[in-house]
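The values are calculated or read from the model by the stated rules, or taken from the named source; none is laboratory data. Bear in mind that the values here come from a model prediction, so they are computed numbers and not experimental data. Glycine gets a Cβ as well: all are built from the backbone with ideal geometry, and neighbour counts include every protein chain shown.
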Amino acid sequence: MKEVLTSVFVAALLVIGSTVNAAESDVDPVVGTWKLNLPKSTFAGIPAYKSQTRIYSQSGQDVTLKMITVDEKGKTNTTQATYKLNGKDFSSMGNPDFDSLAGVRIDTNTVEFTLKKAGKQIGKIRREVSNDRQTLTISFVVSNAAGIQTAALMLFDRQ
């Protein structure tokens, strides 16, 4: 009887462990808070930001990004979007350069987004989380609201 109970207990632990691992594997590695590492970042066509914090959260397949940017003049802008990585457009609020985005997963750590303003594509963003999950790299080429093409390679540190 003791051997049967032990076997049942071990089997239950294996099932619970498998369920937890399956749930964890669906979590986007970007989930968490990231702060811009300004000395390691480069900007073209726009002045460097003073700071940027990105906060990613996830509920099911929905990922929410809240991005707080302080520009070179000290003005704070908050952008927010909730999206799925299914290639479909999702609305974005708070950024004058774009009003929707569509994301697709390239691999476990890499996602590419198409940004649009009034239905017209204005740029691309590539987001990559390092294998150790401590560095986030964002690269983009975007035509901003003033029609100027801008680009950046930004590195973020996990908080």
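A few comments on the model shown:
- Residue check for residue 69: at pLDDT 95 or above, at negative phi and exposed (fewer than 13 other Cβ atoms within 10 Å of the Cβ): no
- Tally of residues being farther than 15 Å from residue 153 by Cα and not in a strand (DSSP E or B) across the stretch 95-138: 13
- In this entry, residue 138 passes the filter for residues that are closer than 17 Å to residue 30 by Cα and surrounded by 15 or more Cβ atoms within 10 Å (Cβ to Cβ).
- For the stretch 73-101, the set of residues classified as closer than 22 Å to residue 47 by Cβ, modelled with pLDDT of 95 or more and surrounded by fewer than 13 Cβ atoms within 10 Å (Cβ to Cβ) consists of 73, 74, 75, 76, 78, listed by residue number.
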